[in-house]
Amino acid sequence: MNKIRKIGVLTSGGDAPGMNAAVRAVVRSSVFNGIECFGIYKGYQGMIDGLIKPLNARSVNNIINKGGTILKTARCKEFYSKQGRKKAFKKINEYQIDALVVIGGDGSFTGAIKFYEEHKLPIIGIPGTIDNDIFGTSFTIGFDTAINTVVESIDKIRDTAISHNRLFFVEVMGRDAGHIALNAGIGAGAEEILIPEEDMGLDRLLDSLRISQKSGKTSSIVMIAEGDKTGKNIFEIASYVENNMPDYEVRVSVLGHIQRGGRPTCFDRVLASRMGVYAIDSLLKGSHNVMVGINNQKMVLSPLVDAVKGKTDINKNLIRVSEILSI
Ligand code: F6P
């Protein structure tokens with residue numbers, strides 16, 4: 001492999017708190033190692049359109065504490081096509097960029113793999129998504145902040161639920177994964193948690209709520225991941241329960257994109273910083289077409305294809321913990 005002199009960094013897909021800390025770490029670590037660093041704005045779209053600017057250590061001042069991504073992000077349709085990727089490669093060549101750091105989720109890595117196959121540009125991935133659903137790492141950047149945002153919101157919802165003796169249905173993000181629902185659900189003491197990985201079934205939900213009510217509970221929180229498998233949306237689930245438990249006053253709260261924003265937690269800042277430094281160290285040692293991850297507190301590398309194709313399992317023990325503690 002040729003010596004790396006210029007690195008491009010981009011954020012792609014859904015933003016996640018801590019992405020800025022990762023950009024900062026990539027830029028400063030590059031500068032530390034005598035490498036020029038370029039910010040590619042708006043993800044792969046910016047590669048195609050040439051939205052590329054040099055970044056130095058001072059360009060990333062005061063961003064470690066900021067949510068969102070200073071590089072902006074996008075989901076780019078044009079990059080799905082070979083033609084689009086060819087255009088992107090042309091731009092990259094104009095800037096003589098000889099390696100890429102892609103911060104994003106599995107969609108972003110799928111694009112990265114194709115790009116590598118066609119143009120052989122060394123690429124390294126950093127997992128940034130609130131969903132925590134990337135194979136090859138125990139934590140993705142943004143997950144910890146998101147679950148803390150959810151817990152804080154549910155603490156507030158609980159206050160009003162208790163005051164009115166209400167049953168609240170709260171929807172959290174997670175189109176394909178229940179990590180946010182399960183972890184924040186336990187953290188916020190939710191009575192029931194519905195996730196995409198397990199079909200709880202509406203009858204079991206009703207039974208369980210009836211048991212809780214009989215045991216003296218006057219209010220409850222049911223946490224639902226947006227991708228849950230009951231086949232009904234949160235409003236349908238809520239009205240089904242309301243029809244079957246008419247003595248309960250039911251309310252629905254969809255937390256939505258509030259979960260994607262906000263100042264990253266210290267955990268996410270440290271994770272992003274470690275991942276950014278490790279990504280540059282690994283690139284310089286000749287690793288490419290891999291993703292950095294964290295496993296048992298240690299930084300690890302895994303093939304990008306695994307990150308995309310592998311499946312992260314839900315921790316079944318968490319389901320048990322939730323069931324035991326929500327009696
Ligand atoms: O970042 C991942 C995610 O939060 C999913 O859980 C969610 O379904 C999706 O993003 C929604 O993203 P957008 O509104 O940007 O399409």
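A short reminder: the numbers here are calculations on the coordinates, not readings from a lab. What you are looking at is a predicted structure, and each value in this text was computed from that prediction instead of being measured. All Cβ positions, glycine included, derive from the backbone under ideal geometry; neighbour counts span all protein chains shown.
List of remarks:
- Magnitude of the charge dipole, segment 194-327, Cβ model with Lys/Arg +1 and Asp/Glu -1, debye to 20: 580
- Amide H contacts of residue 193 (H built 1.01 Å from N, under 5 Å, at least 5 apart or other chain): 223
- Solvent-free Debye scattering, log10 I(q)/I(0), computed from the Cα coordinates of segment 1-78 at q = 0.12, 0.20, 0.26 Å⁻¹: -0.32, -0.84, -1.21
- Peptides 36-47, 6-17 ordered by packing proxy, namely the average of other Cβ atoms within 10 Å per residue, highest first: 6-17, 36-47.
- The long axis of helix 143-164 is offset from the longest Cα principal axis of the chain by roughly 20 degrees.
- Nearest 10 degrees, 0 to 90: helix 316-325 Cα axis against the chain principal axis: 30
- ³J(HN,Hα), Karplus 6.51/-1.76/1.60, whole Hz, each residue of segment 182-199, x for Gly, Pro: 5, 6, 5, x, 5, x, 9, x, 5, 6, 9, 10, 10, 10, x, 6, 9, 9
- The HN-Hα couplings worked out from phi for segment 166-173 by the Karplus form 6.51 cos²θ - 1.76 cosθ + 1.60 (θ = phi - 60°) are 10, 9, 9, 9, 10, 9, 10, 6 Hz, whole numbers, x standing for Gly and Pro.
- When +1 charges are put on Lys and Arg Cβ atoms and -1 charges on Asp and Glu Cβ atoms, the dipole computed for the chain relative to its Cα centre reaches about 1720 debye.
- In this calculation the C-beta distance from residue 295 to residue 266 is compared with R0 = 22 Å, giving a FRET efficiency of 0.65.
- Size of electric dipole in segment 83-179: Cβ of Lys, Arg +1 and of Asp, Glu -1, about Cα centre, debye, nearest 20: 480
- For segment 77-119, trypsin sites (Lys or Arg not before Pro) meeting the loop criterion (DSSP other than H, G, I, E, B) and having at most 11 other Cβ atoms within 10 Å: 77.
- Computed over the chain: relative contact order in percent, which uses C-alpha pairs under 8 Å that are six or more apart: 23
- Debye log10 I(q)/I(0) at q = 0.11, 0.14, 0.19, 0.20 Å⁻¹ for segment 254-327, Cα point scatterers: -0.47, -0.72, -1.04, -1.06
- Cα centroid of segment 250-327 to Cα centroid of segment 42-117, whole Å: 21
- Global size of the chain as Cα Rg and Dmax, reported in angstrom: 21.8, 71
- Distances between placed amide hydrogens fall under 5 Å for residue 69 paired with no residue 5 or more residues away or on another chain.
- Of the beta bridges in the chain, as assigned by DSSP with both residues counted there, near 25 percent are antiparallel.
- In degrees, nearest ten, helix 19-32 long axis to first principal axis of the chain (Cα): 20
- Segment residue 323-residue 311, length gained on full extension (0.36 nm per residue, minus Cα span): 1.9 nm
- FRET efficiency for the pair residue 249 and residue 114, taken as 1/(1 + (r/R0)^6) with r the Cβ-Cβ distance and R0 = 45 Å, rounds to 0.30.
- The slack in the chain from residue 57 to residue 239, taken as 0.36 nm per residue of separation less the alpha-carbon distance, amounts to 60.1 nm.
- Full-stretch length increase - residue 49, residue 83 - with 0.36 nm per residue and alpha-carbon distance subtracted: 10.9 nm
- Residue by residue, segment 264-271 carries 3J(HN,Hα) couplings of x, 5, 4, 4, 5, 5, 5, 4 Hz when phi is fed to the Karplus relation 6.51 cos²θ - 1.76 cosθ + 1.60 (θ = phi - 60°); x denotes Gly or Pro.
- FRET efficiency for residue 138 and residue 175, using Cβ-Cβ distance with R0 set to 25 Å, rounded to 0.05: 0.75
- Quick note on segment 144-260: its Rg to Rh ratio, both from C-alpha atoms and Rh being the Kirkwood radius, is 0.93.
- Mean ellipticity per residue at 222 nm, deg cm²/dmol - from DSSP H runs of n ≥ 4 across the chain, formula -39500 (n - 2.57): -13500 deg cm²/dmol
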